[in-house]
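The values are calculated or read from the model by the stated rules, or taken from the named source; none is laboratory data. Bear in mind that the values here come from a model prediction, so they are computed numbers and not experimental data. Here the Cβ is made from the backbone with ideal geometry for all residues, glycine too, and neighbour counts use every protein chain on show.
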Amino acid sequence: MIRLEGIVVELGGVRILDGVGLEAGEAETLALLGPSGSGKSTLLRVAAGLQPPAAGRVLLDGADITRVPAHRRGVGLVFQDAVLFPHRTVGDNVGFGLRVRGDAVADRRRRVSELLELVGLAGAEQRDVGTLSGGEAQRVALARALAPSPRVLLLDEPLASLDGPLRDRLRDDLHDLFAALRLTVVHVTHDVAEAFALGRRVAVLRDGRIAQTATPDELWSRPADTWVARFLGMRNLIEDDAGLRVVRPEAVHVVPGDDAVVLAVDRRGPLTVLTVRLDGAEELEAATTTLTAPRPGDRVSVEIDPDGVVDVAADPYAEREAAHGRADDADDLPLHPR
Amino acid sequence: MPLAFLAVFFAWPLVAILERSLVLDGRLDLPLDVLASSSTLEVAWFTTWQAAVSTVLAVVAGLPLAWAIARFSFPGRRLAEALVLVPFVLPTVVVATAFVALLPDGIERSVWAILLAHVFFNVAVVVRLVGSYWSGLDARAWDAAATLGAGPARRFRSLTLPALAPALAAAASIVFLFCFTSFGVILILGGPRYATLETEIYNQAARAFDLRTAAALALLQLAAVALVVAVAGRLERRLGGSRSARGARAQRPGGRERAWVAVAVGGTLGLLALPPATLVERSLAVPGGHGLDHYRRLAEQTPALLVTPWHAILNSLLFATIAAGIALAVGIPAAVLAVRGAGGALDTLVMLPLGASAAMLGFGFLLAFADPPLDLRGTIWLVPIAQALVATPFVVRSLAPTLRSVDNRLREAAAVLGASPPRVRREVDLPLAARGLAVAAGLAFAIALGEFGATVFVARADWPTLPVAIFRFLGRPGAENVGQAMALCVVLMSLTAAGAIAADRVLGRGGWRS
């Protein structure tokens with residue numbers, strides 16, 4: 001179990017982390033989700049002992065390790081792009097932590113081959129790391145981090161530099177591996193789908209503060225505020241006398257009628273996302289599984305399932321950011337282009 | 001540790017020079033009589049104009065090869081780039097002796113000899129700096145001008161030359177600094193008639209024993225060098241800042257270009273090969289043919305030295321090994337600190353001996369370590385320490401970029417896997433920087449082996465080094481002495497090369513090659 005309390009980090013006079021607390025329980029995978037620049041990686045470096053915090057505590061299985069240097073913490077860390085030792089073979093990379101610890105050669109050899117098999121690279125001991133593909137390098141990095149049996153595994157965007165099917169496959173493999181090994185994992189990502197797929201719970205980090213920590217289902221059904229809702233991809237924000245509400249896209253049903261117009265139709269995998277504008281009112285996004293969606297320009301009507309309407313708090317920092325002349329973070333997210 | 005070393009062996013000698021030049025009988029006394037004397041003005045004027053003329057000649061001589069290397073790819077291009085660097089790393093006494101061997105009697109010790117030797121040394125600087133900048137220039141403007149009807153000469157004048165200006169200025173300022181502080185070449189080729197500030201410090205201190213005049217000249221030299229370094233530094237920064245994006249890929253020369261490239265490469269390298277080749281040939285020349293007489297006599301007693309030349313060779317090997325060890329011991333931590341960004345000030349401090357001239361350093365040693373508390377005159381330690389001081393900036397310079405290129409996350413990855421900081425240095429930094437370390441060690445050894453300016457001040461008569469022995473032989477009349485000097489030069493050249501190769505083999509082995 002790893003627990004961070006009130007972590008504050010300032011770099012070059014800028015406050016990167018402002019009192020962050022989070023916890024990954026025994027055998028739990030915690031996804032740490034946030035846009036780039038929100039401080040995710042810095043938080044992970046604090047956990048690994050690579051970045052001393054200005055304030056706050058790091059607890060590993062209940063013991064305060066805030067002042068313990070990185071090399072005595074017994075945590076595993078995987079970087080975004082593997083960072084393998086270029087002057088060593090695959091086997092020596094995986095066995096590095098065991099050798100540093102002083103394991104016997106035979107034990108080391110057995111454990112290395114065991115781990116390479118676990119990550120799907122059995123027999124790759126003698127390969128030169130320069131010959132590995134991106135996905136293979138990331139698997140070796142994972143094996144290297146797991147070899148000394150760390151008490152907690154920290155992953156810093158391990159899939160971000162991979163693309164397409166490779167990425168999805170490794171994501172599924174990670175999921176199974178974490179479950180099988182009963183590992184305590186903190187998994188940093190900026191990808192909502194990845195966080196939901198891997199995290200039993202998800203902590204959303206925004207500008208150095210935790211905006212919300214919850215299971216994926218809770219997060220999706222009850223986002224803490226409008227910023228979280230929009231960061232997760234919900235664009236149906238309604239503001240009226242009753243307050244602020246979010247309508248989840250799957251609760252918006254497009255039916256025959258004549259009080260709205262279809263602006264865009266966008267097939268995303270099994271779902272089709274329709275953007276409609278109610279006459280004289282706001283735009284809404286509707287997600288359907290239908291194969292016979294209307295086309296842009298069609299006149300339609302909209303019904304909203306009340307179960308899909310959630311009251312949310314206003315963005316607690318919107319005013320401050322407006323005062324500073326800053327755009328809303330959610331606006332420049334690459335995940336949800338307008 | 002590096003700081004303490006520099007404080008004692010660099011700052012203190014400078015303070016000693018200041019004290020000797022500015023304080024007389026316990027009172028502050030500006031040495032205006034020395035500085036304003038007609039002989040000082042004459043020396044200062046000669047120092048300046050010979051440096052200026054040498055610089056112009058070196059830039060002109062270096063441009064053709066810079067053009068060929070920057071614009072074209074041809075077989076042996078990398079070899080040509082490497083060969084052109086050889087003169088630059090040759091010891092000054094070797095170059096001076098080579099020109100004694102090459103030039104006909106009458107002009108072998110003249111202004112011409114000095115200028116030619118300076119050009120020989122510094123062509124490498126021009127080719128390297130201007131060449132790399134040139135290859136980064138955008139070739140499209142050149143092509144556009146061609147389609148507009150501008151001929152090659154016109155295009156060079158109106159397009160290339162202005163674009164190259166920052167690189168030319170940077171190269172010129174560095175060459176000027178080298179020629180301004182040139183010591184061995186002037187001392188040997190200038191004879192008694194020509195003296196620069198640098199050699200005049202030696203003449204006054206070691207020959208006339210007028211320490212006050214020597215100190216005053218050193219003060220003047222210090223100010224002049226500081227000025228040149230400041231200007232050079234500015235130009236260098238401008239060069240770094242205005243570096244353009246990657247230019248066009250170098251192409252195979254075609255048609256008439258092929259002939260020009262051949263002339264530029266062959267001509268430059270041929271001319272550069274001439275002095276060392278003549279030196280080797282003349283070292284083997286004996287009355288009525290060729291033989292190893294000069295080499296054989298290296299083991300015999302000679303009136304030029306208190307010991308045999310063979311002893312000088314052994315001394316040089318011993319001193320250079322110690323000096324390289326000290327330079328690495330000081331330079332490695334300094335480079336590590338510089339890379340960590342901790343030592344902006346330290347970085348500058350380590351580089352200072354580069355700006356302070358070697359003769360000034362040697363003279364400062366003479367003043368600072370002649371009395372208690374640190375009287376080192378009787379020991380042999382002053383020589384390797386002075387050599388180490390000269391070599392240290394090069395160690396830092398060559399090591400820092402290698403260390404900087406090691407991805408810091410590799411160190412972090414090793415730390416998280418349980419490697420303590422010393423273990424990280426041994427397991428990550430050392431293997432990845434082994435090549436750079438070997439280069440630095442070889443460089444330090446080569447520089448220490450060839451060091452002359454500082455060594456000649458502090459070497460004991462019964463412990464001469466190779467360059468000092470060569471200088472002593474050249475100072476005596478007769479073909480026999482010149483022949484011995486040349487044989488020693490060949491030995492020195494061979495040892496320098498052997499040292500560099502050995503360092504590469506021993507330290508570079510097991511290092512990771514990208």
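Filter segment B:287-309 for residues that are free of Cβ contacts under 8 Å to residues at least 60 places away in the same chain and surrounded by 14 or more Cβ atoms within 10 Å (Cβ to Cβ) and give the result. Steps first, answer last, please.
Taking segment B:287-309 first, the residues free of Cβ contacts under 8 Å to residues at least 60 places away in the same chain are B:287-292, B:296, B:299-301, B:308.
B:THR308 - this is the single residue of segment B:287-309 that is free of Cβ contacts under 8 Å to residues at least 60 places away in the same chain and surrounded by 14 or more Cβ atoms within 10 Å (Cβ to Cβ).
Kindly indicate the residue of segment A:190-207 that is assigned to a loop (DSSP other than H, G, I, E, B) and either free of Cβ contacts under 8 Å to residues at least 40 places away in the same chain or touching a helix residue (DSSP H, G or I) at 6+ places or on another chain (Cβ under 8 Å) (or both) and also surrounded by the fewest Cβ atoms within 10 Å (Cβ to Cβ) among those meeting that condition.
Within segment A:190-207, the match that is surrounded by the fewest Cβ atoms within 10 Å (Cβ to Cβ) is A:ASP207.
Can you tell me how many residues within segment B:374-407 are within 14 Å of chain A (Cβ to nearest Cβ) and closer than 27 Å to B:LEU6 by Cβ?
3
So if I check each of B:ALA414, B:ALA459, B:ALA454, B:ALA444, which one is surrounded by 23 or more Cβ atoms within 10 Å (Cβ to Cβ), within 11 Å of chain A (Cβ to nearest Cβ), in contact with a helix residue (DSSP H, G or I) (Cβ under 6 Å, 6 or more places away or on another chain) and in contact (Cβ under 8 Å) with a residue 12 or more places away in the chain? Before you say what the answer is, go through the steps one by one.
Values: B:ALA459 fails: within 11 Å of chain A (Cβ to nearest Cβ); B:ALA454 fails: within 11 Å of chain A (Cβ to nearest Cβ); B:ALA444 fails: within 11 Å of chain A (Cβ to nearest Cβ).
Checking each option against the conditions leaves just B:ALA414.
Hey, among the residues in segment A:67-82 that are surrounded by fewer than 22 Cβ atoms within 10 Å (Cβ to Cβ) and at the interface with chain B (Cβ under 8 Å from one of its Cβ atoms), which one's farthest from A:ALA147 (Cα to Cα)?
Ranking the candidates gives A:PRO69 first.
Take the residues of segment A:50-60 that are assigned to a loop (DSSP other than H, G, I, E, B) and within 23 Å of A:GLY97 (Cα to Cα): which is farthest from the other protein chains (Cβ to nearest Cβ)?
A:PRO52
Based on this model, can you work out whether A:VAL94 counts as more than 26 Å from A:GLY13 (Cα to Cα), part of a helix (DSSP H, G or I), more than 9 Å from every other protein chain (Cβ to nearest Cβ) and of a type outside the set (Ser, Thr, Tyr)?
Against the criterion (more than 26 Å from A:GLY13 (Cα to Cα), part of a helix (DSSP H, G or I), more than 9 Å from every other protein chain (Cβ to nearest Cβ) and of a type outside the set (Ser, Thr, Tyr)), A:VAL94 qualifies.
Can you pull out the residues in segment B:20-43 that are not in a loop (DSSP other than H, G, I, E, B) and not aliphatic (A, V, I, L, M)? Walk me through it before giving the result.
To start, the set of residues in segment B:20-43 that are not in a loop (DSSP other than H, G, I, E, B) comprises B:20-24, B:27-28, B:32-35, B:38-43.
If the condition is that a residue be not in a loop (DSSP other than H, G, I, E, B) and not aliphatic (A, V, I, L, M), then B:ARG20, B:SER21, B:ARG27, B:ASP33, B:SER38, B:SER39, B:THR40, B:GLU42 are the ones that fit.
A:GLY130: buried (at least 23 other Cβ atoms within 10 Å of the Cβ), assigned by TED's automatic domain parsing to the domain that holds A:VAL46, within 19 Å of B:VAL428 (Cβ to Cβ) and small (Gly, Ala, Ser), yes or no?
It is false that A:GLY130 is buried (at least 23 other Cβ atoms within 10 Å of the Cβ), assigned by TED's automatic domain parsing to the domain that holds A:VAL46, within 19 Å of B:VAL428 (Cβ to Cβ) and small (Gly, Ala, Ser).
Identify all residues within segment B:80-96 that are of a type outside the set (A, V, I, L, M, F, W, C) and more than 23 Å from B:LEU187 (Cα to Cα); write none if there are none.
B:GLU81 - this is the single residue of segment B:80-96 that is of a type outside the set (A, V, I, L, M, F, W, C) and more than 23 Å from B:LEU187 (Cα to Cα).
Would you point out which residue out of B:LEU474, B:LEU430, B:LEU449, B:LEU466 is within 12 Å of another protein chain (Cβ to nearest Cβ) and out of contact with any Cys (no Cβ under 6 Å at 6 or more places or on another chain)?
After ruling out the rest, the residue left standing is B:LEU430.
Out of A:ALA63, A:ALA106, report the one residue that is more than 27 Å from the chain's Cα centre (by Cα), more than 14 Å from chain B (Cβ to nearest Cβ) and over 28 Å from A:ALA211 (Cβ atoms).
Going through A:ALA63, A:ALA106 in turn, the sole match is A:ALA106.
Give the residues of segment B:266-314 that are part of a loop (DSSP other than H, G, I, E, B), modelled with pLDDT under 85 and among the β-branched types (Val, Ile, Thr), sorted by residue number.
B:THR302
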